[in-house]
Amino acid sequence: MELASYLAGERWSDHPACTHPLLAALARLVNDNTSDESRAQLVHLVPTIIGLTSDDLRVDARIALRCATTALPVAAAERQLALAVSVLAAEEMLARLEGAPSGRLGEQSRRAMEEVPHAAEQARRFSRAARITQKGFRRYAAPNAVQLSVVGIVQACITDPDALLRRLLEEAIDDCVTLIRTPERTAPAPVHA
């Protein structure tokens, strides 16, 4: 993120204004949790995140959803409930912002939840009782989903967590490009308390 700030002509910072705050947080977490050998493979992504910023809460929701659905199938059992709740919260926020019916699940979410049926059922029971505000989602739920997801991947019993972290960051960047740079996108929804 420091390199992004430099390339964007900003003051040296790991929180540059040229990148969406949640995407920048994901990039920092991936960088900090990737092995030294694999970190060099992240450098080519730096130019792609410059200029990816928006106040549209759908960006936060898409990043959180991408993270949670990527980590949920590989995370240890003790992290699955929180990640499944993160999936449902992000899907619910997207439904509200897009005027879609509540309770829908996208294909990636459905597949991730099917891999952890016990956690998915617990998350559904929990989520029925909880109602998150847009402000609460942006401040707490989305950043927590990103943090939990990266830690879940790092601690997962998988062959190459670095490759999964890199793929997660690449796909989150692609999601942001689609939402932020697509000309026909709708106006951002305001954030309410």
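The values are calculated or read from the model by the stated rules, or taken from the named source; none is laboratory data. Values in this document were obtained by computation on a predicted structure and should not be read as measured data. Cβ coordinates were reconstructed from backbone atoms using ideal geometry, including for glycine residues, and neighbour counts include every protein chain displayed. Side chains included, ligands, DNA and RNA excluded: accessible areas come from the protein's heavy atoms. Shrake-Rupley method; radii C 1.70, N 1.55, O 1.52, S 1.80 Å.
The table for this structure:
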quantity	calculated
Top-ranked residue of region 125-183 - restricted to ones that are among the β-branched types (Val, Ile, Thr) and outside any helix (DSSP H, G or I), ranked as most open to solvent (accessible area, probe 1.4 Å)	Thr159
Single unsatisfied condition, Ile49 versus (1) in contact with a Ser or Thr (Cβ under 6 Å, 6 or more places away or on another chain); (2) modelled with pLDDT of 95 or more	(2)
Which listed residue is touching a residue at least 24 places away in the same chain (Cβ under 8 Å), within 30 Å of Thr159 (Cα to Cα) and in contact with a Cys (Cβ under 9 Å, 6 or more places away or on another chain), from Leu88, Leu83, Leu65, Leu72	Leu83
Tabulated pairs, region 134-163, first among the polar types (S, T, N, Q), second open to solvent by less than 20 Å² (accessible area, probe 1.4 Å), C-beta under 6 angstrom, 6+ apart or interchain	Gln134/Leu57; Ser149/Cys67; Ser149/Ala68; Ser149/Ala71
Asp36, sole failed condition from (1) farther than 23 Å from Glu170 by Cβ; (2) open to solvent by 30 Å² or more (accessible area, probe 1.4 Å)	(1)
